[in-house]
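The values are calculated or read from the model by the stated rules, or taken from the named source; none is laboratory data. Source: prediction; values computed, not measured. Note that we place each Cβ from the backbone using ideal geometry, even for glycine, and neighbour counts take in every protein chain shown.
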There are 2 protein chains.
Amino acid sequence: MTEVIRSADELREKVAGWKRSGMLVGVVPTMGALHDGHLSLARAAREQSDRVIVTVFVNPMQFNNASDLEKYPRDEAHDLALLDSEGVDVLFAPGVDEVYPDGFATTVSVSGITEPLEGAFRPGHFDGVATVCSKLFGMTQAGRAFFGEKDWQQLQVVQRFVRDLNIPVRIIGCPTIREEDGLAMSSRNVRLSATERATAPVLHAVMQAAASDMRAGKPVQTALMDAQAELLEAGFRDIEYLELRTVEGLRPAPDLSQPARMLAALWLGDVRLIDNIAV
Amino acid sequence: MTEVIRSADELREKVAGWKRSGMLVGVVPTMGALHDGHLSLARAAREQSDRVIVTVFVNPMQFNNASDLEKYPRDEAHDLALLDSEGVDVLFAPGVDEVYPDGFATTVSVSGITEPLEGAFRPGHFDGVATVCSKLFGMTQAGRAFFGEKDWQQLQVVQRFVRDLNIPVRIIGCPTIREEDGLAMSSRNVRLSATERATAPVLHAVMQAAASDMRAGKPVQTALMDAQAELLEAGFRDIEYLELRTVEGLRPAPDLSQPARMLAALWLGDVRLIDNIAV
């Protein structure tokens, strides 16, 4: 049975026992509302660690938008049942006061790689991510941590601060899990209407087609402009970015002369979707 | 023999071996130019840990003044001899490129407690302290870290971010070590001329007298004003602060109704001195 722990002190004791037995701890940080994408991370953790902790914490510090925070889906009973079926050892689900007690005053900030893309549209978001992940690595003392490539920029940010602060955890990126029609799994997808849900897979299809065109020699900027027009035509709105970036530093990639990633953020109804693919 | 290690990878391997044997690691972060104050920390670490690492790194990120950084005394051979005589296991002395390699982009910041006193006169100083200490805790994986009370505000800042980021290290503050005439030991003291060195102990004497007056009922602000006048009369210049603050939150303390600390920073010739005492 997956054990639910809510206090950092109790988690520390649990982990200390494991560590004394020489066990390697794997952690999967999540915000709950678990789907197959999360479960694929739990499975990777299960395969590559002796004990697995999945954390569920909807982190207010990484939400720049109060309404998005409020609407973020939560269903702990369902999450617990899923984690139990995957053989996860601990569901760590602390309250906000446990993570940010009175007097809390510390921020972990990453410069450079946090500035474009999500950073440009979600001020303070990556400070929240880096700070809470630092805390979760400290609390769990995990030797391995598993993140989805769906949040590609987040994965780069986490790898950056872990290396910079010499935190003894290895960050492992895992492939994006998609619905059969190509839509990247996301906890926010449940907020799409039936019509929007039918439109949503167009994002991945258009990105794949643009990537294919680029590989066939179409200029990068032309391919991106054409893709934007197709997305607006399909019913998406407010394309915040649809860009080609270098894989690691996320610098603008004007062509395919180095490994590149196409990344997108846009809105469908009142749901913000993101996706990214290798090019 | 104290072993000198310069690479974080090599240190990690050394520490991993200790940890496998269940040993508790103590660390004493320093900027070198070691004196009896540092050695008292090494002795405390020796008593309270199975293995002791003293780090020597003159951290450019915590110097707001290029000249102060340049003039900061360095004598590694002497430091090593002292640490060897104290039975320290490892002197970790990384180069700047080892601590801040190309691409380094992360800052640990503490708000609130970092703003007055040193924070007001040394912009960015505590970001540098918190960031490098986070790194040293990660690199050494120490279970205990020893800091001098001489840098009282620094001690509070380190305790704050360690608690906030759930870093699994216990911070232990150790009493300020003084010369026989009362001058707080500091690596910067060697830069005092003979005349200045003769004047320097007046700082501690004046602070003690002011504290005594306060305890006897003299109003706090009057006692501080009188003390400032005496210091300027004695030959100190540019008193940056001489204040009474609450012990933990470092909030202004208008009276002795709660535990308080008197803290001072001022100049003697071209050397900046700091000190603090319980009141």
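Points to keep in mind about this one:
- Scanning the stretch A:161-190 for residues that are among the basic types (Lys, Arg) and either at pLDDT below 95 or over 16 Å from residue A:29 (Cβ atoms) (or both) turns up A:163, A:178, A:188.
- Top-ranked residue of the stretch B:10-29 - restricted to ones that are within 14 Å of chain A (Cβ to nearest Cβ) and among the β-branched types (Val, Ile, Thr), ranked as farthest from the chain's Cα centre (by Cα): B:15
- Among the residues of the stretch B:71-92, those that are within 19 Å of the chain's Cα centre (by Cα) and farther than 26 Å from residue B:192 by Cβ comprise B:91, B:92.
- In the stretch A:236-258, the residues that are touching a strand residue (DSSP E or B) at 6+ places or on another chain (Cβ under 7 Å) and assigned to a loop (DSSP other than H, G, I, E, B): A:236, A:247, A:251, A:253, A:258
- Against the list (1) outside any loop (DSSP other than H, G, I, E, B); (2) polar (S, T, N, Q); (3) within 14 Å of another protein chain (Cβ to nearest Cβ), the condition residue A:67 fails is (3).
- Highlighted here are the strands (runs of 3 or more DSSP E) found entirely within the stretch B:84-200 that include at least 2 residues which are more than 14 Å from chain A (Cβ to nearest Cβ): B:90-92, B:144-148, B:170-174.
- Meets criteria (in the same structural domain as residue B:131 (by TED's automatic domain parsing), in contact with an Asp or Glu (Cβ under 7 Å, 6 or more places away or on another chain) and either of a type in the set (Gly, Ala, Ser) or at pLDDT below 95 (or both)) for residue B:87: no
- Qualifying position, being under 23 Å from residue A:244 (Cα atoms) and of a type in the set (Asp, Glu), among A:196, A:180, A:230: A:230
- Out of A:68, A:50, sole residue that is of a type outside the set (Phe, Trp, Tyr) and more than 22 Å from the chain's Cα centre (by Cα): A:50
- Single match in A:7, A:40 (criterion: within 14 Å of chain B (Cβ to nearest Cβ) and surrounded by fewer than 20 Cβ atoms within 10 Å (Cβ to Cβ)): A:7
- The number of residues in the stretch A:227-246 being farther than 30 Å from residue A:195 by Cβ and free of Cβ contacts under 8 Å to residues at least 24 places away in the same chain comes to 1.
- With respect to being of a type in the set (A, V, I, L, M, F, W, C) and touching a strand residue (DSSP E or B) at 6+ places or on another chain (Cβ under 6 Å), residue A:39 falls outside the description.
- Here residue B:258 meets the list (1) crowded, with 21+ Cβ neighbours inside 10 Å; (2) more than 16 Å from the chain's Cα centre (by Cα); (3) closer than 22 Å to residue B:113 by Cβ almost entirely, failing just condition (1).
- The residues of the stretch A:154-190 that are touching a Lys or Arg at 6+ places or on another chain (Cβ under 8 Å) and at positive phi amount to a single one, A:166.
- In the stretch B:211-221, the residues that are under 11 Å from residue B:254 (Cα atoms) and polar (S, T, N, Q): B:221
- Among the numbered conditions (1) buried (at least 20 other Cβ atoms within 10 Å of the Cβ); (2) on the phi > 0 side of the Ramachandran plot, the only one that residue A:87 does not meet is (1).
- Subset of the stretch A:50-64 [in a helix (DSSP H, G or I) and among the polar types (S, T, N, Q)]: A:62
- Extreme residue, surrounded by the most Cβ atoms within 10 Å (Cβ to Cβ), among residues of the stretch A:201-226 that are charged (D, E, K, R) and not in a loop (DSSP other than H, G, I, E, B): A:213
- One residue stands out in the stretch A:163-189 among those that are more than 16 Å from the chain's Cα centre (by Cα) and of a type outside the set (D, E, K, R): the one that is surrounded by the most Cβ atoms within 10 Å (Cβ to Cβ), namely A:165.
- Odd one out for residue B:32 among (1) more than 14 Å from chain A (Cβ to nearest Cβ); (2) assigned to a helix (DSSP H, G or I): (2)
- Residue match in the stretch B:141-155 (condition: among the hydrophobic types (A, V, I, L, M, F, W, C), within 20 Å of the chain's Cα centre (by Cα), assigned by TED's automatic domain parsing to the domain that holds residue B:36 and closer than 16 Å to residue B:260 by Cβ): yes
- Close pairs (6 angstrom Cβ cut-off, 6 or more residues apart or separate chains): at pLDDT 95 or above in the stretch A:192-209, surrounded by fewer than 18 Cβ atoms within 10 Å (Cβ to Cβ) and in a helix (DSSP H, G or I) anywhere: A:199/A:234; A:202/A:234; A:206/A:230
- Residue match in the stretch B:261-278 (condition: of a type in the set (S, T, N, Q) and either touching a Gly at 6+ places or on another chain (Cβ under 9 Å) or crowded, with 17+ Cβ neighbours inside 10 Å (or both)): yes
- In the stretch A:94-115 there is no residue matching the filter, namely being at pLDDT 95 or above and farther than 26 Å from residue B:111 by Cβ.
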